[in-house]
Structure formats: structure tokens, C-alpha cells
Amino acid sequence: MESATVKAAIKASYFSIVGNILLAAIKLVSGFLGNSYALIADGIESTTDVFSSLFVLFGIKYAQRPPDDNHPYGHSRIEPLITFVVVAFLVTSATVIAYESIINIQTPHKIPETWTLIVLGLIILWKEGSYRYVLNKSKLTNSSSLKADAWHHRSDAITSVMAFLGISIALIFGKGYETADDWAALLASGFILYNSYLIFRPALGEIMDEHIYDDLLEEIREESMKVKGIKGTEKCFIRKAGMEYHVDLHAIVDGEIPVREGHELSHKLKDHLRKEIPNLGHVLIHIEPTNYEH
């Protein structure tokens, strides 16, 4: 049965898919009718957004498969892999936009229609709102792929802002500035590439088990000391997999207690941590006796 967290992530993915389909159609039609190559480029990016959002939805659902013999830790690691796919879509769309912009700069064309600014203004408001909505869901669910999808909305908003500025310049200054929106689209492709790196880096750290969870580590140590019988903590290793964190913790107990009591303490500590700290997956407790040197 899907948890509330997973349902929130899936709902956000469907929101992205439907929104991107509608916006891609609006941008492409408006771009062709309104003589705006920047708006057409914007529509191309929204089209790639549809496919990347579908991959995100697939990744979130696949990650919920239960552990099996071949995947004892579950299937959550597919999330950062899906993030890499989303980044690939971003880089591809940025490359296509840059290429088309360079071609259009060299091709004489008409000044965009004034009404395209109204379309772009509404698109910017929608995409920025979509970015904030999906980003909030990514923080709630701890989903790296959903965060990448959120940044897809932000990059879309950026290209729309660039198109708005480019068309405005072309309309204000008139003849001789017809390519302003093409230059704007070219500049937007650079922003998209930069955002691609910002999305890629944390996902790479997740795949490489990079330690970037100091706040969570401190919370684990503090909660551990609330369990009666736990004298302290030593090593604590944290790995992120999808929406969950797997923890290996060395807990210090009285060296004179029986093995059975130490075993029971480890279970109490594990149950306490999973109850008090959301999104913990596997928790492995290694018991260390007091005054033990190794």
C-alpha cells in the first residue's frame, strides 16, 4: 500500500505531465502564429519536459517495489538514475535550443507579434508556481528525481523570461532587432545547462554514497541518547536511496551487561530511531561495550 509520501510524489508527477503537455502545445502554436522563435524553442523544451516527467513518475513507482533476493535494500536507487535521465533531457533541450537559435539568428524573419508577450507572461507565472509546488513536494518526500523535475519547471520559466525580454526588445526597437528573441533563447540555453549541473551533482553524490547529511547525523545521535541503556554513539554512516536514508550506527552500552540485553537494546534503539525520524530505511546497530578499544 502506498504511503502518503509516495502518493504526494506521484500526484506531483502527474501535475507536471499534464501541465507540460498543455504548455508545450500553447507555446508551439503561439510561436508559429506569433513569429517567435524563442517561444518555439520554449515549446521544444516543454515537449522534452513531458518525457522527463514520465520517467520521474516511472522511477517513483518502481522505487516502491519491495526488497527481493536480488535487491535486499529495495529498489530506491533507481531515483538518482532517473535524475540522470532528466538531466540528459535538459542538456538535450538546451543543445537543441542553442542550435535553433544560432540558425534563426542567421535567418531573416519578422518581428514577433505583440500578443505573444501576454502568452509568455501567463506561462512564466504558471511555471514559477509549478516549480514551487513540485519543489515543496520534493522536500516533503525527499525525492531527488522530483527535485530534478521541479528544476525543469524553473528552467522552463527562465527560458520564458528570456523569450519575454527578447520579444520586448524586438517590439520596442523595431527593424534591425528581429533576432533579439533568438539571442534570448540562446542565453536561456546557457541557464539550462547550468541548472543541469546543479541537479546532477547531488544525484551523483547519492550514487557514490557521499556524506552530506550532517544535520541528520546529529539528530540520530541526539535521539539515540534518549534510549535508556545507550551510553553514547561512535561511528555513524548514512546512505541515501530514493526517499529513504539507510543508517549504520555504532552504539555504546555497558560492557558488563549480558549479550542478550545488548541485543535487546539494539532493537529498542532501532525501533526508536525509525519512530522518531521519518524516512529512515534500514537501520543497522552495532553494539560497542564501554571502555572498549579497537
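The values are calculated or read from the model by the stated rules, or taken from the named source; none is laboratory data. These numbers were taken from a predicted model, which means no experiment stands behind them. Neighbour counts run over all protein chains shown; Cβ positions are idealised from the backbone, glycine included. Just so you know, the surface numbers come from the protein's heavy atoms only, side chains and all, with ligands and any DNA or RNA stripped out. Shrake-Rupley method; radii C 1.70, N 1.55, O 1.52, S 1.80 Å.
Residues in segment 194-239 that are of a type in the set (Phe, Trp, Tyr) and either in a loop (DSSP other than H, G, I, E, B) or touching a residue at least 12 places away in the same chain (Cβ under 8 Å) (or both): Phe200, Tyr213, Phe237. Among what's in segment 165-176 and is modelled with pLDDT of 80 or more and surrounded by fewer than 23 Cβ atoms within 10 Å (Cβ to Cβ), pick the residue that is farthest from the chain's Cα centre (by Cα). Of everything passing the filter in segment 165-176, Phe173 is farthest from the chain's Cα centre (by Cα). Is it true that some residue in segment 153-160 is open to solvent by less than 20 Å² (accessible area, probe 1.4 Å) and more than 20 Å from Gly19 (Cα to Cα)? Within segment 153-160 (the criterion being open to solvent by less than 20 Å² (accessible area, probe 1.4 Å) and more than 20 Å from Gly19 (Cα to Cα)), the answer is no, since none of the residues qualifies. Against the condition of a type in the set (A, V, I, L, M, F, W, C), open to solvent by 10 Å² or more (accessible area, probe 1.4 Å) and closer than 23 Å to His282 by Cβ, how does Ala25 come out, does it pass? Here the answer is no, as Ala25 does not meet what is asked.
Per the listing Glu219, Glu264, the residue uniquely surrounded by fewer than 18 Cβ atoms within 10 Å (Cβ to Cβ), modelled with pLDDT of 90 or more and within 29 Å of the chain's Cα centre (by Cα) is Glu219.
Each residue in segment 7-53 was checked for being in contact (Cβ under 8 Å) with a residue 40 or more places away in the chain and aliphatic (A, V, I, L, M), and 13 pass.
Is at least one residue of segment 122-136 closer than 26 Å to Asn35 by Cα, open to solvent by less than 10 Å² (accessible area, probe 1.4 Å) and part of a helix (DSSP H, G or I)? Taking every residue of segment 122-136 in turn, at least one turns out to be closer than 26 Å to Asn35 by Cα, open to solvent by less than 10 Å² (accessible area, probe 1.4 Å) and part of a helix (DSSP H, G or I).
Would you check if there is a residue in segment 49-60 being under 29 Å from Leu120 (Cα atoms), open to solvent by less than 10 Å² (accessible area, probe 1.4 Å), in contact with a Ser or Thr (Cβ under 6 Å, 6 or more places away or on another chain) and charged (D, E, K, R)? No.
Looking only at residues of segment 139-152 that are part of a helix (DSSP H, G or I) and open to solvent by less than 10 Å² (accessible area, probe 1.4 Å), we find that the one that is nearest to Thr5 (Cα to Cα) is Thr141.
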